[in-house]
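The values are calculated or read from the model by the stated rules, or taken from the named source; none is laboratory data. For clarity, every value in this text was computed on a predicted model and none was experimentally measured. Note that we place each Cβ from the backbone using ideal geometry, even for glycine, and neighbour counts take in every protein chain shown. Calculation scope for accessible area: heavy atoms of the full protein, side chains included, ligands and nucleic acids excluded. Shrake-Rupley method; radii C 1.70, N 1.55, O 1.52, S 1.80 Å.
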Amino acid sequence: MIIIGAGAAGLVAAITSARVGHKVTLLEQNHKVGKKILVSGNGKCNIDNKYINLNRFHSQNPSFVEKVLEGYGFEVIEKFFTSMGLELVEGKEGKMFPMSLQASAVVELLEYEAKRAGVEIVCDCAVTAIEKEGDLFQVETSQGTKISTKLLIASGSPAAPQLGGNNSGYAFATKMGHSLIPRHPSLVQLRSEESWVKACAGVKVAGVAKLYANGEQISEKKGDLLFTNYGISGLAILDLSREVSTRLANFDYCELSLDLMPTLSKEKLTNLLLNRINKESEKPIVLWLLGIIHKKLIKIILEQSKCKSRVEHDLNRKEINKLVHSIKNLKLSINDTKGFKGAEVATGGIDTTEVNPETMESKLVPNLYFAGEILDVDGDRGGFNFHFAWVTGLRIGGSI
């Protein structure tokens, strides 16, 4: 069996296939395996999530995801890794990490296990063409022609091209008759043409972001908001980005409404501000707000609120209401994402109606398989994309 791509899905498929006696050749275009794994989780590798739920995965064919994951919960993945000597620990929101908190430990153990099982790993090996003649796949590479009766394409998506992400797998698959669902960046930072965000670059708050498309609220996420010189990032933004990418691709007008103080209700914040007013004070409103809001954000809050008061003693309930609305509904228009280069994953991929969910084999081409991110399945932040990759790798190894 030839496997194209030594990422999460490819490595697991190689190990499980070799364990049951198959001769496996694993081709990787990078100079070493698992490059994306190495940078995941800021180098700690968020290897999976303890709480696997179907609503954390996205596809145009949800029933495919359900069938793929059936019988393959977190416990199955945990057992696979502990059998290799990798212990896991739980972080926030069910995120699972290697106990050493080193992504390199995951990659090194997977590579060792693959070699121990007899897998031939060929790095610096770019695939340039694939042909099927009779029962044989002929794979042209930068290191010569490889031939096999079975072929797995686990070459990932165009996300993170600096780590080797590309569209090659789709080109090979479509040439063999497969359909492709359009790809868009996901888990990615967002761009804005509004000048004020540059002035607020570096400010980070724990907030809530609501996405509006053509004036209609689409989604809401809670988490860090990080203002940057190009727009906005942070965990809440990454969680929203899938929907933003899709909406922008449809030429929808996208705008974020940011709650900078989600722990305080509108009423509590209003009372807090009212109680702070000293009617004898000549303190400039900018200094007055400095006691509760980051300095860089004050100018835009005043602009968007259209607050007319310039000193503390001029404030009244009407002006306070304006300020509260702005603090809890700061508007930011979004015109683009940081693209595939900034994305952790991509939406879309190989149309899963053309793939057997139990074996990951193509329904169109016998003995052709797909695994991982090349398929039209992407997961939420928090280990879900890795879970799908591990499971598809295990299914292939258990079916061929």
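Given only helices, namely DSSP H runs of n ≥ 4 each adding -39500 (n - 2.57), what is the per-residue ellipticity at 222 nm of the chain, to the nearest 500 deg cm²/dmol?
That calculation yields -9500 deg cm²/dmol at 222 nm.
Which whole-Hz couplings ³J(HN,Hα) result when phi for each residue of the range 104-115 is put into the Karplus expression 6.51 cos²θ - 1.76 cosθ + 1.60, θ = phi - 60°, listed in order with x for Gly and Pro?
Values per residue, Gly and Pro as x: 4, 5, 5, 5, 5, 5, 5, 5, 4, 5, 4, 5 Hz.
Percent of Cα-Cα pairs more than 27 Å apart in the range 150-271, please.
For the range 150-271, the fraction of Cα-Cα distances above 27 Å is 33 percent.
In whole angstrom, and with the biggest value first, how far do the Cα coordinates of the range 308-400 range along each principal axis?
Dimensions of the range 308-400 along the principal axes of its Cα atoms: 77, 23, 22 Å.
Angle between the Cα long axis of helix 8-19 and the longest principal axis of the chain, 0 to 90 degrees, nearest 10?
Result, in degrees: 30.
Quick one: accessible area per residue over the range 277-400, 1.4 Å probe, rounded to a whole number of Å²?
40 Å²
Assigning unit charges at the beta carbon (Lys, Arg +1; Asp, Glu -1) and nothing else, what dipole magnitude in debye, to the nearest 20, does the range 53-129 show about its Cα centre?
For this selection, approximately 140 debye.
Dividing the convex hull volume of the alpha carbon atoms of the chain by its residue count, what do you get in Å³ per residue?
Cα-based convex hull of the chain, divided per residue, equals 139 Å³.
Going by average Cβ density within 10 Å per residue, which order do the peptides 8-15, 343-350, 157-164, 361-368 take, highest to lowest?
In descending order of packing, they fall as 8-15, 343-350, 157-164, 361-368.
Straight-line reach only, C-alpha to C-alpha below 14 angstrom: list the aspartates and glutamates that Lys204 could link to, leaving out same-chain residues fewer than 8 apart.
Cα-Cα hits under 14 Å: Asp224, Asp259.
For the range 190-230, what % of the accessible area comes from carbon and sulfur atoms, probe 1.4 Å?
Carbon and sulfur: 42 percent of the exposed surface of the range 190-230.
Can you give the translational diffusion coefficient of the range 50-100 in µm²/s, computed by Stokes-Einstein from the Kirkwood radius over Cα pairs at 25 °C and 0.890 mPa s?
200 µm²/s
Could you sort Ser195, Ser241 by their accessible area in this structure, using a 1.4 Å probe and putting the largest first?
My answer, sorted largest first, is Ser195, Ser241.
Straight-line reach from Lys35: which aspartates and glutamates have Cα under 14 Å away, leaving out those fewer than 8 places along the same chain?
Candidates past the 8-residue exclusion: Glu108, Glu111, Asp124, Glu344.
Taking the 0 to 90 degree range and rounding to the nearest ten, how far is the long axis of helix 235-249 tilted relative to the main principal axis of the chain, both from C-alpha atoms?
80 degrees
Which ³J(HN,Hα) values in Hz, rounded to whole numbers, follow from the phi angles of the range 51-61 under the Karplus curve 6.51 cos²θ - 1.76 cosθ + 1.60, where θ = phi - 60° and Gly and Pro get x?
Once rounded to whole Hz, the list reads 10, 6, 9, 4, 6, 8, 10, 10, 6, 6, 10.
For the range 1-145, what is the convex hull volume of its Cα atoms per residue in Å³?
Spread over its residues, the Cα hull of the range 1-145 gives 142 Å³ apiece.
Using the Karplus curve 6.51 cos²θ - 1.76 cosθ + 1.60 with θ = phi - 60°, what ³J(HN,Hα) values do you get for each residue of the range 124-140, in whole Hz, with x for Gly and Pro?
Using θ = phi - 60°, the values come out as 6, 10, 8, 7, 10, 6, 9, 10, 10, 10, x, 8, 10, 8, 10, 10, 8 Hz.
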